[in-house]
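Enquirer: Provided herewith is a single structure, encoded as structure tokens, for subsequent inquiry.
The values are calculated or read from the model by the stated rules, or taken from the named source; none is laboratory data. The structure displayed is predicted, hence computed values, not measured ones. Cβ placement follows ideal geometry from the backbone for every residue including glycine, while neighbour counts extend to all protein chains displayed.
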Amino acid sequence: MRKLFCSIAFVLILLLPGCTSMGLVQSNTSVKAPDSNVLSQTTFASDNLSNTLSNQTIKNIDTSKIQGKIKNVYYIEKNKILILADNLYLYDLFTGKVLNQTEKVDFDLEEYHVIDNGIAVIGISYDISDEDGSSGFGISDGAFRDSYVINIYDLELNKLNEISINKLMGEDEFVGDTEQMSVSKDGRKIAFATLDGLFLYDINSKTKTTLVDLLDENRSKRSGLVGFDQVAFVQNDNIIAFKSKSLDVPPVYGKSSFDTYGTINIDGSGLLVKRSTNYSVKQLIPYNAFGFLAEDFTVPSGNLMVFDFNSGESKILKTKTQKESGTVFGSEDGQFFATSTFDKNNFEVRVYDAEKGSMVMEKVIDADPNVACEPEVRVIDELRICIVLVANRQTDLSTQCLVFSF
């Protein structure tokens, strides 16, 4: 069953090269956007920013200083962003200068998290060759050889640590996605989920703790949990929030698993598993005190759920159109969220106030007809800007970086 799962996943990766981050190359084809929508420069007033950021000017990202195709950007602090291309670049939005760069480790799947005084890179590398050198699907004699690694960098992009998750797992265990691994904000703990359970690893003491045992036949002890899709540290690293799969307790014959979400304390106590019967939870976008729970993009309803980690209660926010709730991006600090939709002629990007649910920005961007994927949207609360990356997941197009203020 595991072999079939990995084989299917791998085949899907091979069949969908247009919107995957694998094998990205620079192209001479650009994406068109109207100059009237693009931020040429914006001077920020002191009532919007702290004194250290007041009266500063930001321009569009100077892509000529970046080697290779831009795959993503992440906000670091104040005026600095991390740009992922052929290398990792620390870029100053105010001066337009590259402050530092370092070699980028190539992963088949990767995820970047800003932690206290550093950056955590969670990566998965697939090993698809058999021991005799022939092609396979990462399995040989029942053992997985895929590599699960977490690299820790300081804010100057100096590599501080490399942690192999493989060494923390049994021979038959595997991690299906980078979102099933998480690094605490203080950089001292790692949470990861396999088919065997949810685990906590203390980097300093080198101790591993089982928080949820999925092999225990008494499913009622874990409220029907059968798997974890996403895990994340929240509440000052004291709690792990998750998006999960569950079964009824007692089980109902012929009924498949369903989407659930919840939290658990890092000592294994206080397990909370919740299910929404009228909302299809598919993605967790976590912050310290709450999380956005985005719905199934195939059946958007125009709603976005907000889950309070402290109270365990939820509320629903509305988007302007039904379609856009299928693609949601949380801002860096969670004060805002963004949506994007596209057709053959243009993209529509909207930014909403997460507390009030009101729309604060709406932009229409002319789209190259060759663009097949919705753009990546980064909203930086502190600067009140929105960075839109068009075609960043397509191998045949160069990435267009657009910056808007709101």
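Enquirer: What tally of residues in the range 284-335 results from selecting those that are loosely packed, with under 15 Cβ neighbours inside 10 Å and aliphatic (A, V, I, L, M)?
Expert: Residues in the range 284-335 being loosely packed, with under 15 Cβ neighbours inside 10 Å and aliphatic (A, V, I, L, M): 2 in total.
Enquirer: Then there is this: Condition first: over 18 Å from Ser256 (Cβ atoms), not small (Gly, Ala, Ser) and not in a loop (DSSP other than H, G, I, E, B). Now tell me which residues in the range 223-243 satisfy that.
Expert: Here is the first cut: in the range 223-243, the ones over 18 Å from Ser256 (Cβ atoms) are 230-242.
Filter once more, so that each one left must be not small (Gly, Ala, Ser): 230-231, 233-240, 242.
Within the range 223-243, Gln230, Val231, Phe233, Val234, Ile239, Ile240, Phe242 meet the criteria.
Enquirer: Ok, one more. Being surrounded by fewer than 17 Cβ atoms within 10 Å (Cβ to Cβ) and modelled with pLDDT of 95 or more narrows it down to one of Ser246, Ser269, so name that one.
Expert: Working: Ser246 fails: surrounded by fewer than 17 Cβ atoms within 10 Å (Cβ to Cβ).
Exactly one of Ser246, Ser269 is surrounded by fewer than 17 Cβ atoms within 10 Å (Cβ to Cβ) and modelled with pLDDT of 95 or more, namely Ser269.
Enquirer: Sort out which residues of the range 269-306 are of a type in the set (Ser, Thr, Tyr) and within 16 Å of the chain's Cα centre (by Cα), and write them in order of number.
Expert: At the first step, the residues of the range 269-306 found to be of a type in the set (Ser, Thr, Tyr) are 269, 276-277, 279-280, 287, 298, 301.
Of everything in the range 269-306, just one residue is of a type in the set (Ser, Thr, Tyr) and within 16 Å of the chain's Cα centre (by Cα), namely Tyr287.
Enquirer: I've got another one for you. Please state which of the following conditions Glu348 fails to meet, knowing it meets all the rest: (1) crowded, with 22+ Cβ neighbours inside 10 Å; (2) assigned to a strand (DSSP E or B).
Expert: With respect to (1) crowded, with 22+ Cβ neighbours inside 10 Å; (2) assigned to a strand (DSSP E or B), Glu348 is out only on (1).
Enquirer: Within the range 307-324, restricting attention to residues that are of a type in the set (D, E, K, R) and within 18 Å of Val351 (Cα to Cα), which residue is farthest from the chain's Cα centre (by Cα)? Before you say what the answer is, go through the steps one by one.
Expert: First, the residues of the range 307-324 that are of a type in the set (D, E, K, R): 308, 313, 315, 318, 320, 323-324.
Next, from what is left, pick out any that are within 18 Å of Val351 (Cα to Cα): 318, 320, 323-324.
Values: Lys318: 22, Lys320: 24, Lys323: 21, Glu324: 18 Å.
The selected residue is Lys320.
Enquirer: Taking Glu362 and the conditions (1) surrounded by 21 or more Cβ atoms within 10 Å (Cβ to Cβ); (2) within 23 Å of Phe297 (Cβ to Cβ), which numbered condition does it fall short on, given that it satisfies the others?
Expert: (1)
Enquirer: Another question about this same structure. Among the residues of the range 182-210, what is the count of those that are in contact (Cβ under 8 Å) with a residue 40 or more places away in the chain and over 23 Å from the mean Cα position of the chain (by Cα)?
Expert: Summing the residues that are in contact (Cβ under 8 Å) with a residue 40 or more places away in the chain and over 23 Å from the mean Cα position of the chain (by Cα) in the range 182-210 gives 3.
Enquirer: Take the residues in the range 44-67 that are surrounded by 15 or more Cβ atoms within 10 Å (Cβ to Cβ) and of a type outside the set (Val, Ile, Thr); name whichever of them is modelled with the highest pLDDT.
Expert: Applying the filter and picking the extreme gives Asn60.
Enquirer: For Asn288, which of the numbered conditions (1) of a type outside the set (D, E, K, R); (2) at pLDDT 95 or above; (3) in contact with a Leu (Cβ under 9 Å, 6 or more places away or on another chain) fails to hold?
Expert: Looking at each condition in turn, Asn288 falls short on (3).
Enquirer: In this structure, is Leu397 surrounded by 23 or more Cβ atoms within 10 Å (Cβ to Cβ), within 28 Å of Glu77 (Cα to Cα), touching a residue at least 24 places away in the same chain (Cβ under 8 Å) and not charged (D, E, K, R)?
Expert: Values: surrounded by 23 or more Cβ atoms within 10 Å (Cβ to Cβ): yes; within 28 Å of Glu77 (Cα to Cα): no; touching a residue at least 24 places away in the same chain (Cβ under 8 Å): yes; not charged (D, E, K, R): yes.
Against the criterion (surrounded by 23 or more Cβ atoms within 10 Å (Cβ to Cβ), within 28 Å of Glu77 (Cα to Cα), touching a residue at least 24 places away in the same chain (Cβ under 8 Å) and not charged (D, E, K, R)), Leu397 does not qualify.
Enquirer: Moving to a separate point now. So if I check each of Ser325, Ser340, which one is under 28 Å from Ser244 (Cα atoms), in contact (Cβ under 8 Å) with a residue 24 or more places away in the chain, of a type in the set (Gly, Ala, Ser) and in a strand (DSSP E or B)? Reasoning before the result, please.
Expert: Numbers: Ser325 fails: in a strand (DSSP E or B).
After ruling out the rest, the residue left standing is Ser340.
Enquirer: Right, another one. Tell me which residues, restricted to the range 359-372, are within 24 Å of the chain's Cα centre (by Cα) and either at pLDDT 90 or above or acidic (Asp, Glu) (or both).
Expert: Met359, Val360, Met361, Glu362, Lys363, Ile365
Enquirer: Let me ask something else. Counting only residues that are assigned to a loop (DSSP other than H, G, I, E, B) and among the aliphatic types (A, V, I, L, M), which one in the range 249-266 is modelled with the highest pLDDT? Before you say what the answer is, go through the steps one by one.
Expert: Filtering the range 249-266 for residues assigned to a loop (DSSP other than H, G, I, E, B) gives 249-257, 266.
Next, only the ones that are among the aliphatic types (A, V, I, L, M) stay: 249, 252, 266.
Numbers: Val249: 91, Val252: 88, Ile266: 98.
Only one residue fits best here, namely Ile266.
Enquirer: Suppose the filter is modelled with pLDDT under 95 and surrounded by fewer than 19 Cβ atoms within 10 Å (Cβ to Cβ); does Glu382 pass it?
Expert: Working: modelled with pLDDT under 95: yes; surrounded by fewer than 19 Cβ atoms within 10 Å (Cβ to Cβ): yes.
Answer is yes for this residue.
Enquirer: Also, quick follow-up: Would you call Asn100 in contact with a strand residue (DSSP E or B) (Cβ under 7 Å, 6 or more places away or on another chain), over 23 Å from Arg393 (Cα atoms) and at pLDDT 95 or above?
Expert: On the way: in contact with a strand residue (DSSP E or B) (Cβ under 7 Å, 6 or more places away or on another chain): yes; over 23 Å from Arg393 (Cα atoms): yes; at pLDDT 95 or above: yes.
Answer is yes for this residue.
Enquirer: Does the range 109-121 include one or more residues that are surrounded by 14 or more Cβ atoms within 10 Å (Cβ to Cβ), modelled with pLDDT under 95 and either in a loop (DSSP other than H, G, I, E, B) or basic (Lys, Arg) (or both)?
Expert: Looking for residues that are surrounded by 14 or more Cβ atoms within 10 Å (Cβ to Cβ), modelled with pLDDT under 95 and either in a loop (DSSP other than H, G, I, E, B) or basic (Lys, Arg) (or both), one finds none in the range 109-121, hence no.
Enquirer: If we keep just the residues of the range 211-242 that are small (Gly, Ala, Ser), over 11 Å from Ala193 (Cα atoms) and surrounded by 16 or more Cβ atoms within 10 Å (Cβ to Cβ), which is nearest to the chain's Cα centre (by Cα)? Steps first, answer last, please.
Expert: Start the filter on the range 211-242 by keeping residues that are small (Gly, Ala, Ser), which leaves 220, 223-224, 227, 232, 241.
Among the residues that remain, those that are also over 11 Å from Ala193 (Cα atoms) are: 220, 223-224, 241.
Subset that is surrounded by 16 or more Cβ atoms within 10 Å (Cβ to Cβ): 223-224, 241.
Working: Ser223: 27, Gly224: 26, Ala241: 14 Å.
This residue is Ala241.
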